[in-house]
Amino acid sequence: MKKTTCIIAIIAMVAALFASCATGGGGGGGSGSVSSSGAAASSTSVRKSASRVPEGIMNALINAPEDALVGIGSAKMGTESMSRTTATLRARAEISRQMSTMIQDMIRDYTASSEVDPSATLSFTENITVALSKAELTGSRVTFFEYTDDGTCYVVVTLGQSNAAEIINQQQAAAKLAVPAMASFNAEDRMKEAFASNYNKEVQVNTTAGN
């Protein structure tokens, strides 16, 4: 009887040992899941800067609304105030550049499936691009700025999709008067797809234009 009890006890101990090993293996699997989850999170699409920027600027870029254009400008002038003003102008100039590129792409897509004369397309594109370059980008706002140790100021400016649509509608209205052949072109209808595509592009840091 004692021998039987002893054998049962040994079997129980071995079973407990295997159970412990199994639990440890499960923990390793859990750790792997966390790692896998982290990898998935890191592969999630987020905005990126084409240049190195201060951490605060990078965070502002990442946290900016998805349905917005983002511009970054930097400047180092004689005073902090001048640096910030110039950096802001450069950030807005970068947004204007993005809008011009979007318009050109949208017009190219539109004319690819239409019978509009290429010369009319070119003229229409030029009219809107010039108008955008002169626009004050109403609705754009500074969301973050930061000074580095050497006195350089970085500024983040955002322009919401609804504001961008309003600006483009105003500019295309004038352009359509100059180029009636493009009367059926509607930039606002094409904005959503263009914004989604723009979200995945690296944001340039404007260090010169917009002075």
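Let me check against my output: what whole-number percent is the relative contact order of the range 61-211, with C-alpha pairs under 8 Å and at least 6 apart?
Relative contact order comes out at 39 percent.
Any chance you could run the full-extension gain for Tyr147 through Ser123? It's 0.36 nm times the residue separation minus the Cα-Cα distance, nm to one decimal.
Computed gain between Tyr147 and Ser123 is 4.5 nm.
Less than 13 Å Cβ to Cβ from Gln172, Lys/Arg counted +1 and Asp/Glu -1: what total charge do the surrounding residues give? List each step's numbers first, then the result.
Working: positive: Lys176, Arg190; negative: Glu126, Glu166, Glu188, Asp189.
For residues surrounding Gln172, the net value is -2.
So, R0 is 35 Å and r is the distance between the beta-carbons of Asp109 and Glu80; what FRET efficiency does that work out to, to 0.05? Let's see the in-between values first.
Values: r = 44 Å, r/R0 = 1.24.
It comes to 0.20.
Within the range 105-140, whose backbone N sits under 16 Å from a point 7 Å along Cα→Cβ of Asn186?
The answer is 107, 110-111, whose backbone nitrogens lie closer than 16 Å to the label point.
Sorted from largest down, what three extents in whole angstroms do the Cα atoms of the range 88-211 have along their principal axes?
Result, largest extent first: 56, 26, 21 Å.
Residue separation times 0.36 nm, minus the C-alpha to C-alpha distance between Asp67 and Lys48: what's the value?
Result: 5.3 nm gained on full extension.
Quick check: net charge around Asp117, other residues with Cβ under 15 Å of its Cβ, Lys/Arg +1 and Asp/Glu -1?
Charge balance near Asp117 sits at 0.
At 1.4 Å probe radius, can you tell me the per residue accessible area of the range 43-122 in Å²? Mind dumping the intermediate values first?
Working: 4170 Å² over 80 residues.
The answer is 52 Å² per residue.
The values are calculated or read from the model by the stated rules, or taken from the named source; none is laboratory data. Please read these numbers as outputs of a predicted model, since none were measured by experiment. Glycine gets a Cβ as well: all are built from the backbone with ideal geometry, and neighbour counts include every protein chain shown. In case anyone asks, the SASA skips ligands and DNA or RNA and just uses the protein heavy atoms, side chains included. Shrake-Rupley method; radii C 1.70, N 1.55, O 1.52, S 1.80 Å.
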